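Here is the structure we will look at, set down as structure tokens.
Since every read-out is calculated from the coordinates, none of them should be taken as a lab result. Owing to the predicted nature of the structure, the values given are computational and were not obtained by experimental measurement. Note that each Cβ is placed from the backbone with ideal geometry, even for glycine, and that neighbours are counted across all protein chains shown.
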Amino acid sequence: ISCKFFKSMAKSDILIRWINFHLKAADPNSPHLVNSLGSSMQNCEAYIRLLNQLFPSYFPLSILESKDNQKRAQTMLNIFTEKFPASMKLITVDAILSENYLPSLSFLAIIFSLKHGLKKLTTDENNQVQNIFQSFQGDPDARVYALWMNSIGVEPPVTNLTENLKDGLILLQLFDKVQPGIVDWTKVYTTPRPLPKIKCIHNANFAIELGRKLRFSLVGIDGSNIEQGNSTLTLSLVWQMMRHHIAKILSSLGKSVSDNDILDWANKTVAKGQKSKRKIASFGDQSIADSLYLFDLIDALKPGVVDQSNIKFSESDEDRLANAKYAISLARKIGATIFITPRDITNVRKKMVFTFVSALMATTISK
């Protein structure tokens, strides 16, 4: 597999290769190989065989003796919850058995983060992989923005942010979703595919024009920057769209909501919880790195949801990372839509912490 091909692959395709690698390791002639994360996974056969390969003492193949997919899924999830309680707070039997590939993607990502089962790379191999990922990811915010874009239903799904946005069509879809009716589609080129350069620039310029209508800060950017894959300028536009989307959701609380309003809400909510005197000065406050403030906020929103025995109080990087994973799983459990990674918390990446706290605030809207 070439580096260029790998960088263009969707996350789901990478996970499918990983699953099949382990299924073939268990049986070179395995008839259970998967070709998608939807229908191929519904009978739980691939999950259980994968887990048996990675954790043989926890997940015996005898689970497959039941022909009832519901029972298979329930047994598998019961074991998973018992063995990895801090990781397993969101996936349900219904989600596992659905045709929707997103729960499958989430569950497999959890499994991979616990144990990938791959041979340790040599120093040279590791350097090659790091070079691939550095060239692929660019700004680490990109993966979060891609998750957000895919969550609101852009087509086709975004797998490489700057490459997929070059023709302007995804950007215009996003504007139409975060500000319905703003896009006059009679002004948009959609054919032929792929679009020639001049039409890509036209669409991207139209997207920038719409951003300025919404008072985005777009100094020194034009359509050619988007078409050329300028990561910094593209991410700047996408971040402002995401921020606008969050603000619109929170505005249903009854007023326009600023960053300071969200920060003030978080600190007041923690104070009302009466379990802690912790307070943050900004979304970049370094005290956030251990996740203890986030646990206080989540517990204040839903008392009792935080299991104190799962919280680590040391300053080690390993414990901070474990706390961040648990905080994300709890936030999802109480209904927050979370796109960030644990490292976004431990590294206190301000924009990402902002989206996390905003998502928690959004869970109060229906209350």
Alpha-carbon Rg/Rh ratio, for the stretch 30-97, with Rh computed the Kirkwood way: 0.93
Residue with peak Gaussian network fluctuation, the chain [Cα springs, cutoff 10 Å], from ASN160, ASN29, ASN100: ASN29
Computed magnitude of the charge dipole of the stretch 33-119 (debye, nearest 20; Cβ of K, R +1, Cβ of D, E -1): 280
Within the set SER66, SER252, SER40, GNM on the chain using Cα springs under 10 Å gives the largest fluctuation to SER66
Summing +1 per Lys or Arg and -1 per Asp or Glu among the other residues with Cβ less than 11 Å from ASP344's Cβ gives +4
Compute a Gaussian network model of the chain, connecting alpha carbons closer than 10 Å, and tell me which residue from LYS350, LYS277, LYS119 fluctuates the most. LYS119
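Given the pairs LYS177/LYS302; LYS325/LYS350; LYS119/LYS333; LYS115/LYS272, which span a C-alpha to C-alpha distance of over 28 angstrom in this model?
Values: LYS177/LYS302 30 Å; LYS325/LYS350 17 Å; LYS119/LYS333 33 Å; LYS115/LYS272 39 Å.
In this structure, LYS177/LYS302; LYS119/LYS333; LYS115/LYS272 exceed 28 Å between Cα atoms.
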Taking each pair of distinct Cα atoms in the chain once, what is the resulting Kirkwood hydrodynamic radius in Å? 22.6
Please report, to two decimal places, log10 I(q)/I(0) for the stretch 144-258 at q = 0.21 Å⁻¹ as given by the Debye formula with identical point scatterers on the Cα atoms and no solvent. -1.20
Quick one: pull the percentage of alpha-carbon pairs in the stretch 226-367 with a separation above 19 Å. 52
Could you state the principal axis extents of the C-alpha atoms in the stretch 200-302, from the largest down, to the nearest angstrom? 55, 31, 21
